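The structure appears below as structure tokens.
The values are calculated or read from the model by the stated rules, or taken from the named source; none is laboratory data. Since the structure is predicted, the reported quantities are computational estimates derived from the model, not experimental observations. Please note: Cβ atoms are built from the backbone with ideal geometry, for glycine as well, and neighbour counts cover all protein chains shown. Keep in mind that these areas ignore ligands, DNA and RNA; they rest on the heavy atoms of the full protein, side chains included. Shrake-Rupley method; radii C 1.70, N 1.55, O 1.52, S 1.80 Å.
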Amino acid sequence: MPSPSTLLIGMLAGAFGVGYFMYGKRQAKLVAMFAGFLLCIYPYFIDSVLWLCVVGVLLLAAPFVIDY
């Protein structure tokens, strides 16, 4: 059973992921759409709170760093 912190990080990542995905789809920005998709699904595959935070921050920053 996941810990409460894992569930909270997963819910926040999913909320940001939906926002990034919708933004990427409306603005035709592939990187934002792909980052949003990954933000929605990555919490299912990572159990460590530290790695959830690291991967989440990297995915949140990706549309600003990668300009495609």
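Do the conditions hold for Y42, that is, is it hydroxyl-bearing (S, T, Y), at pLDDT 95 or above, assigned to a helix (DSSP H, G or I) and open to solvent by 40 Å² or more (accessible area, probe 1.4 Å)? No, not satisfied. Going by what's in this entry, would L12 be described as open to solvent by less than 30 Å² (accessible area, probe 1.4 Å) and either assigned to a helix (DSSP H, G or I) or among the small types (G, A, S) (or both)? No; evaluated as a whole, the condition is false for this residue.
Quick one: would you say Y42 is within 13 Å of L59 (Cα to Cα), under 14 Å from the mean Cα position of the chain (by Cα) and free of Cβ contacts under 8 Å to residues at least 60 places away in the same chain? Yes, satisfied.
Checked against (1) open to solvent by less than 40 Å² (accessible area, probe 1.4 Å); (2) outside any helix (DSSP H, G or I); (3) not polar (S, T, N, Q), D67 meets all criteria but (1).
Screening T6 on (1) open to solvent by 30 Å² or more (accessible area, probe 1.4 Å); (2) in a helix (DSSP H, G or I); (3) of a type in the set (V, I, T) shows it passes everything except condition (1).
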